[in-house]
């Protein structure tokens, strides 16, 4: 995150963003921003309340957000219930309201358990890969849940259905689903400002499922980098078993978009501050600047290294100090010619790890300065405090090299702020490749913060880098940062959220709703001859790791009996299943059946007969290939049908199974190039079969047998697309799920299918 540390993020003119993104945004009541802390500080004096906007870039952004009165910020005020006298509570609410803010009331116990406990002793270290610092305390988790519910309740109290909700950061990961449960149609976005860890790290969290479920209450979730996005999607697939297509997650009746939005800075603010700073005369300079100038003049060739961080173990400050000592020992000629300025801003000083870190850094600074200092030279200037904005500009503009080496960092906006202030385009940025901003700042010198040898050589390279090269690198960086600033970041997120909602509304218009189903039923009743095609797996019955266990229940038999017994209705079960399974399950019922994608047909209880003449001699060539993939892919298995082979990978690791399926598809494509065979990629299954066999071809052969004036077909898989495509245009075709389809309508799940069957099964 950036150096403005009172709040975790900066918001531009969201009120304007609404009106320049999409026209229908004009109808949105307001944008509601939710974060752990409000953007104001409260001061209580003699019973009077003063609400002061947070200083710096954040305050600037917040003023513009609230200027139009169409935005509300919800968060904790910074004062516990115990610190607020009852008689002045209304005054606080009034003072906050004047700044477009609304507080969530928290007790001291709640703050300790929610913020200092679960947020910063569990999530923060875990998500930054410091597993050894993570505390999995049930009491912390229970408080975290309770406080998230408080935030959700406040949102529900203040929000209308057409409002847009934007929830921020790791302290509030349960809020989206809590709001969604009460307001299913409201637009919700979430942005995570810290890294999302790899699956192997995240899976250690006892409440991992609950966290993912909470986050999936959104329409859009944003991360700083693609890596974090990828880690999140992997966890969703592996832990929840949800279908993920590119960056879309399919959950119940919703599609959740996951995307990366690298956060920018208020580039203009820092750039203009630096320009103004350069024009000051001696009388206008700060005491810090005068001190810096004095040391610069005493040693014109000396270089200042700048290190600015919040005091946190994720920032790698201790490693940086040790690396600095290593550099001075490897390149002793730079002793008395370089100075490291460290600004460490106090943070979470009541958390034990932070107390120990403070002690470690104090001791390191003391030892290095004690061992290496001379009469005229102190190798490290160490500041343990926050600094006003103007002093930050002093440091940014004076220091020759910015050296930022976090062990893990969601973004690190300090790197961007430093570059923005370099008005003459000189200066060198050394940046940890573990920082999120490293993805956008390849022109800087990227280092591994654990590699002291590389760091020492990179510092030497920075010191000796020609001015022309510095300017070339920084010119590119500045153009990029000026273009993708914080306002662009927020605008892109809000636009994407709006687009996602519009996309969802498009889906809704194609949903087989009650009204549309009523119209369908009118046509169904009026028709003289009806043809109904019903897929089985994923349509009539849910998926099972063992396909044989996905057998029909009595309720399904009853529905199918009622439909098939209608005098004017021809019902066909049409499936990729083998004929032996369907013989066992359905032949005694005398249903019409088409199996193995169209190879076999049974009508009125007769034994199966071949609908297509197909060969099976090719199976001997393909089977060993599939067996080798089973051997190398734990959890996968082969289903041998009469005239096709299916490789199932539903029980495999999702990512590994997907990788193997791509590999297998490539192998099979080359193997069957000269054969009349096709590979069907279904839901966690790949099936090899004759090219002239598919559900569309089989359905049309049945359709041609009678003069049907009503056709209904429903299925969930790619194999059903042949049927949707081939049937007449006026057919009622329905896809189960929200994937791209040729069908006219969609429903969400098998429960919806059962509801449709119940309508069709009504006595006619």
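The values are calculated or read from the model by the stated rules, or taken from the named source; none is laboratory data. Remember, predicted model here, so these are calculated numbers, not experimental data. Note that we place each Cβ from the backbone using ideal geometry, even for glycine, and neighbour counts take in every protein chain shown.
Computed quantities for the displayed model
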{"item": "2 or more residues under 30 Å from residue 479 (Cα atoms): qualifying strands (runs of 3 or more DSSP E) within the stretch 185-290", "result": "187-191, 220-223, 254-260"}
{"item": "Answer from 434, 387, 441, 465 - the residue that is touching a helix residue (DSSP H, G or I) at 6+ places or on another chain (Cβ under 7 Å) and either within 28 Å of residue 224 (Cα to Cα) or in contact (Cβ under 8 Å) with a residue 12 or more places away in the chain (or both)", "result": "441"}
{"item": "Those residues of the stretch 165-182 which are part of a loop (DSSP other than H, G, I, E, B) and modelled with pLDDT of 95 or more, in sequence order", "result": "173, 174"}
{"item": "Answer from 558, 579, 568, 584 - the residue that is over 40 Å from the mean Cα position of the chain (by Cα) and crowded, with 21+ Cβ neighbours inside 10 Å", "result": "579"}
{"item": "Count of the stretch 587-613 residues which are over 17 Å from residue 691 (Cα atoms) and surrounded by fewer than 18 Cβ atoms within 10 Å (Cβ to Cβ)", "result": "10"}
{"item": "Single condition residue 690 does not satisfy, out of (1) out of contact with any helix residue (DSSP H, G or I) (no Cβ under 7 Å at 6 or more places or on another chain); (2) surrounded by fewer than 16 Cβ atoms within 10 Å (Cβ to Cβ); (3) touching a residue at least 12 places away in the same chain (Cβ under 8 Å)", "result": "(2)"}
{"item": "Filter result (in contact with a strand residue (DSSP E or B) (Cβ under 8 Å, 6 or more places away or on another chain) and buried (at least 22 other Cβ atoms within 10 Å of the Cβ)) within the stretch 721-731", "result": "723, 724, 727"}
{"item": "Among the residues listed as 138, 106, 96, 156, the single one being within 27 Å of residue 180 (Cα to Cα) and at pLDDT below 95", "result": "96"}
{"item": "Residue within the stretch 476-488 that is free of Cβ contacts under 8 Å to residues at least 24 places away in the same chain and touching a strand residue (DSSP E or B) at 6+ places or on another chain (Cβ under 7 Å) present", "result": "no"}
{"item": "Boolean, residue 331 is at pLDDT 95 or above, under 16 Å from residue 449 (Cβ atoms) and surrounded by fewer than 18 Cβ atoms within 10 Å (Cβ to Cβ)", "result": "no"}
{"item": "Yes/no for residue 320 being modelled with pLDDT of 95 or more and touching a strand residue (DSSP E or B) at 6+ places or on another chain (Cβ under 9 Å)", "result": "yes"}
{"item": "Residue check, residue 721 assigned by TED's automatic domain parsing to the domain that holds residue 572 and assigned to a loop (DSSP other than H, G, I, E, B)", "result": "no"}
{"item": "Which listed residue, of 282, 276, is modelled with pLDDT of 85 or more, in the same structural domain as residue 437 (by TED's automatic domain parsing) and farther than 30 Å from residue 336 by Cα", "result": "276"}
{"item": "Residue within the stretch 84-101 that is outside any helix (DSSP H, G or I) and either at positive phi or outside the structural domain of residue 42 (by TED's automatic domain parsing) (or both) present", "result": "yes"}
{"item": "Output for the stretch 485-501, where each listed residue is surrounded by fewer than 21 Cβ atoms within 10 Å (Cβ to Cβ) and either assigned by TED's automatic domain parsing to the domain that holds residue 413 or in contact with a helix residue (DSSP H, G or I) (Cβ under 8 Å, 6 or more places away or on another chain) (or both)", "result": "491, 495"}
{"item": "Residue ranges of strands (runs of 3 or more DSSP E) in the stretch 368-473 with at least 3 members buried (at least 20 other Cβ atoms within 10 Å of the Cβ) and within 33 Å of the chain's Cα centre (by Cα)", "result": "401-404, 428-432"}
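Conditions tested, residue by residue: (1) in contact with a strand residue (DSSP E or B) (Cβ under 6 Å, 6 or more places away or on another chain); (2) at pLDDT 90 or above; (3) surrounded by 15 or more Cβ atoms within 10 Å (Cβ to Cβ).
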| position | (1), (2), (3) |
| --- | --- |
| 649 | no, yes, yes |
| 657 | no, no, yes |
| 660 | no, yes, yes |
| 669 | no, no, no |
| 680 | yes, no, yes |
| 684 | no, no, yes |
| 702 | no, yes, yes |
| 705 | no, yes, no |
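Yes/no per residue for (1) within 22 Å of residue 566 (Cβ to Cβ); (2) in a helix (DSSP H, G or I); (3) modelled with pLDDT of 90 or more:
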site: 496; (1), (2), (3): no, yes, yes
site: 521; (1), (2), (3): yes, yes, yes
site: 524; (1), (2), (3): yes, yes, yes
site: 531; (1), (2), (3): yes, no, yes
